[in-house]
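Since every read-out is calculated from the coordinates, none of them should be taken as a lab result. Just so it is clear, the structure is predicted and the values come from calculations on it, not from any experiment. Quick reminder, even Gly has a Cβ in these numbers, built from the backbone with ideal geometry, and neighbours come from all protein chains shown.
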Amino acid sequence: MFVLANLIGAIAKVVDMGLTFLLILVFARAVISWVQADPYNPIVQFLYTATEPILRPIRRRLPPMTGIDISPLVVVMIVVFLQQFLVRSLIQLANTLR
């Protein structure tokens, strides 16, 4: 059983790291949108291509509120929820299997 527990613990850690990386990308995208960075910069292009598939569906469902795009805030709330619920549940499952 310890092998399964270690596998689940490792999956939880990888999911947590991926979600944290996503938070950093969304935060960087929001900051770049505020300062009007050069759209031809490779870093800006990477941020846009990495975050747009996540932000676009939320943007379609939420109308812009007085010109402010709140989709990054919604994504951050979803990611934090997943970190608190999914990752913690996986870690707790791994600990009970040990």
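Take the Cα atoms of the chain, find their three principal axes, and give me the spread along each one in whole Å, biggest first.
Projected onto its principal axes, the Cα set of the chain covers 52, 29, 17 Å.
Quick one: helix 2-35 against the long Cα principal axis of the chain, what's the angle to the nearest 10°, folded into 0 to 90?
10 degrees
Return the Rg/Rh value of region 1-45, two decimal places, where both radii are evaluated on C-alpha atoms and Rh is the Kirkwood radius. Please list the in-between numbers first.
Details: Rg = 16.9 Å, Rh = 12.8 Å.
Answer for region 1-45: 1.33.
Roughly speaking, what is the stretch gain from VAL76 to LEU97, that is 0.36 nm per residue apart minus the C-alpha to C-alpha distance, in nm to one decimal? Please list the in-between numbers first.
Values: separation 21, 0.36 × 21 = 7.56 nm, distance 3.08 nm.
The span from VAL76 to LEU97 would gain 4.5 nm if fully extended.
I want the local charge near ARG59. Using Cβ-Cβ distances under 14 Å, sum +1 for each Lys or Arg and -1 for each Asp or Glu among the other residues. Write out the running numbers ahead of the final one.
Working: positive: ARG29, ARG56, ARG60, ARG61; negative: GLU52, ASP69.
Within the 14 Å Cβ shell, the charges total +2.
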